[in-house]
1. Distance in nm between label sites at residue 103 and residue 24, each 7 Å beyond Cα in the beta-carbon direction?
2. I need 19, 79, 61 ordered by Cβ neighbour count within 10 Å, fewest first.
3. Extension gain residue 112-residue 33, at 0.36 nm per residue separation less the Cα-Cα distance, in nm?
4. On full extension of the chain, what length is gained from residue 41 through residue 12, given 0.36 nm per residue of separation minus the C-alpha to C-alpha distance?
5. Report the relative contact order of segment 3-118, percent, no decimals, based on alpha-carbon pairs under 8 angstrom and at least 6 residues apart.
6. Explain nothing, just the number: relative contact order of segment 63-124, from Cα pairs under 8 Å at least 6 residues apart, as a whole percent.
7. Quick check on the exposure proxy: order 6, 118, 36 from fewest to most C-beta atoms within 10 angstrom.
8. Using Cβ contacts closer than 10 Å as the measure, can you line up 132, 125, 119 from fewest to most?
């Protein structure tokens, strides 16, 4: 894994997640829960090994049970409400950071896309992306 320092933050800058490596993977999710959580038509997130992420600031947490019954804990800023990262009980070694929180147009493109049956008809994914349902 290569060294790649990046910092993600909420809108007000109080909650940050700084990474010291490249992401393990970048994904896009079109499920209805992610659409509601982000206020967008899909969610984009990057998974990092937990040992390569430093979190600063305080967060509130919302726990959601997914289709497969696993729990994800979404951490969002109590001041501005922006979700910066989440954890999943099935991937205890990982921290998943929302791609938009990096505010970096050069961030790597997604590797895979899930729940495409719920994808809005006008959305197009990159060529060659892996698709899983």
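Where a number appears in this text, it was derived from the coordinates with a stated rule and is not lab data. For clarity, every value in this text was computed on a predicted model and none was experimentally measured. For neighbour counting, all protein chains shown are included, and Cβ atoms are generated from backbone atoms with ideal geometry for every residue, glycine included.
1. 2.8
2. Listing 19, 79, 61 from fewest to most nearby Cβ atoms yields 61, 79, 19.
3. Gain on stretching residue 112 to residue 33: 26.7 nm.
4. 8.1 nm
5. Working: 256 pairs, mean separation 37.5, N = 116.
It comes to 32 percent, rounded to a whole number.
6. Value for segment 63-124: 18 percent.
7. So the ranking, lowest neighbour count to highest, is 36, 118, 6.
8. By the 10 Å Cβ count, ascending: 132, 125, 119.
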